[in-house]
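The values are calculated or read from the model by the stated rules, or taken from the named source; none is laboratory data. From a predicted model like this one, the values you see are computed outputs, not experimental measurements. Heads up, the Cβs are rebuilt from the backbone with ideal geometry, glycines too, and the neighbour counts pull from every protein chain shown.
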Amino acid sequence: MLRLLSFLLFVALASGCGRPIYNPFVRVVNGEDAVPYSWPWQVSLQYEKNGAFHHTCGGSLIDPDWVITAGHCISRSLTYRVVLGEYDRAEEEGPEQVIPIIPEDIFVHPLWNSSCVACGNDIALIKLSRSAQLGDTVQPACLPPAGYILPNEAPCYISGWGRLYTGGPLPDMLQQALLPVVDYEHCSRRDWWGSVVKKTMVCAGGDILSGCNGDSGGPLSCPAADGSWQVHGVTSFVSSLGCNTVKKPTVFTRVSAFEDWIKETIASH
C-alpha cells in the first residue's frame with residue numbers, strides 16, 4: 001500500500017510541474033545568462049572540501065523530495081548538498097534553499113559503470129533530507145512519458161553553471177542555450193558519435209552551442225504540447241576534443257528510458 005500511495009503521489013505532483021512563473025524568453029538567449037528563476041527545477045549539486053562547498057554538477061528537482069542527476073556526478077567519498085532556487089552563485093539573493101544530503105539517500109543506477117560512460121545508465125536519484133519548499137523560484141520539472149523519443153530538431157534548452165568554453169571559467173549566473181535535438185539516426189552516423197551513442201541517450205546541439213564541464217547532471221528541458229516543460233535529458237558527456245566539436249553534439253541520458261527505475265526507486269524509499 002505504501003508503494004502504491006508513493007506512486008500516486010508522484011503522479012499527482014507531476015500534474016502541477018514544469019510551469020515556471022518567470023518566462024525563460026524575456027530576451028533572446030544563445031548561451032547567455034538565463035532569465036532569473038526561469039528554470040525553477042534547476043539545482044546546483046555541491047561537494048564539501050576543506051570546510052567549503054563547491055559546485056560540481058547540475059540536477060533537476062522532480063518532486064519536493066527528489067532530485068535527478070548524472071551517475072558520474074556521484075562519488076561515495078564526498079559529502080554533498082543541493083542548492084535550490086539558485087541563480088547567481090556569487091551572491092546570496094534570498095530564494096536559495098540549501099539542503100544537506102545523507103549518503104544513504106543517493107541512488108546511482110545499478111548498471112552505471114564509471115569506467116564506461118558510453119555504456120549508458122548515467123543517471124542517479126537523490127532523496128533530499130528535507131522537502132523543498134515550492135514557490136515562484138523552486139518548482140519540480142515534469143518528466144516525459146515512458147519511452148518517448150524526441151523528434152529531430154526538437155527545440156530543447158540546456159541550463160547550468162558549466163564552463164563557458166573548453167577549459168574556461170565557471171560562470172556565476174545560470175546559463176541557458178537552445179540545443180535542437182539530433183535524432184539517433186543522425187547522431188549514430190560513423191562520422192558523428194557512431195556506436196558511442198546508444199538509444200537510451202539523447203543528442204542535442206552542434207558545433208556552436210553545447211554543454212561543458214560543470215553542466216553534467218543538469219536538465220535538457222523541452223516544451224510539451226500542453227505548455228509545460230519536461231526534462232528529457234540528464235547531461236552526460238561531450239567530446240574529449242572539446243565542448244564545441246563539430247558533429248559531436250552534447251549527449252544526455254534519455255530520461256524516458258528510465259521511467260520504471262525512477263518510479264520504483266522513489267516508491268521504495
Filter result (buried (at least 16 other Cβ atoms within 10 Å of the Cβ) and either more than 19 Å from Leu84 (Cβ to Cβ) or over 15 Å from the mean Cα position of the chain (by Cα) (or both)) within the stretch 158-179: Arg163, Leu170, Pro171, Ala177, Leu179
So, in the stretch 121-136, exactly how many residues are closer than 15 Å to Ser216 by Cβ and out of contact with any Gly (no Cβ under 6 Å at 6 or more places or on another chain)? 2
Residues that are touching a Cys at 6+ places or on another chain (Cβ under 7 Å) and either free of Cβ contacts under 8 Å to residues at least 12 places away in the same chain or of a type in the set (A, V, I, L, M) (or both), drawn from the stretch 53-75: Ala70
Test Gly211 against the criterion of being on the phi > 0 side of the Ramachandran plot and not in a helix (DSSP H, G or I), and give yes or no. no
Specify which of the listed residues (Ser195, Ser129, Ser188) is in the same structural domain as Gly94 (by the TED database) and polar (S, T, N, Q). Ser129
Take Ser236 and tell me if it is of a type in the set (S, T, N, Q), at negative phi and out of contact with any Gly (no Cβ under 7 Å at 6 or more places or on another chain). yes
Go through the stretch 225-250 and report how many residues are modelled with pLDDT of 95 or more and not polar (S, T, N, Q). 5
Taking the stretch 214-240 only, how many residues are in a strand (DSSP E or B) and within 14 Å of Ser60 (Cα to Cα)? 12
Assuming Pro219 fulfils every condition listed in (1) of a type outside the set (A, V, I, L, M, F, W, C); (2) surrounded by fewer than 23 Cβ atoms within 10 Å (Cβ to Cβ); (3) at pLDDT 95 or above apart from one, which condition is it? (2)
Has the stretch 136-155 got at least one residue that is crowded, with 18+ Cβ neighbours inside 10 Å, at pLDDT 95 or above, under 17 Å from Pro40 (Cα atoms) and small (Gly, Ala, Ser)? yes
Within the stretch 48-73, track down each residue that is touching a Phe, Trp or Tyr at 6+ places or on another chain (Cβ under 8 Å) and under 21 Å from Lys263 (Cβ atoms). Ser60, Leu61, Ile62, Asp63, Gly71
Residue count, the stretch 76-130, condition part of a loop (DSSP other than H, G, I, E, B), in contact (Cβ under 8 Å) with a residue 60 or more places away in the chain and of a type outside the set (A, V, I, L, M), comes to 8
Check whether at least one residue in the stretch 181-193 is among the basic types (Lys, Arg) and either surrounded by 18 or more Cβ atoms within 10 Å (Cβ to Cβ) or touching a helix residue (DSSP H, G or I) at 6+ places or on another chain (Cβ under 6 Å) (or both), and report yes or no. no
With the condition kept exactly as written, say whether any residue in the stretch 139-156 is under 16 Å from Leu174 (Cβ atoms) and either outside any strand (DSSP E or B) or among the aliphatic types (A, V, I, L, M) (or both). yes
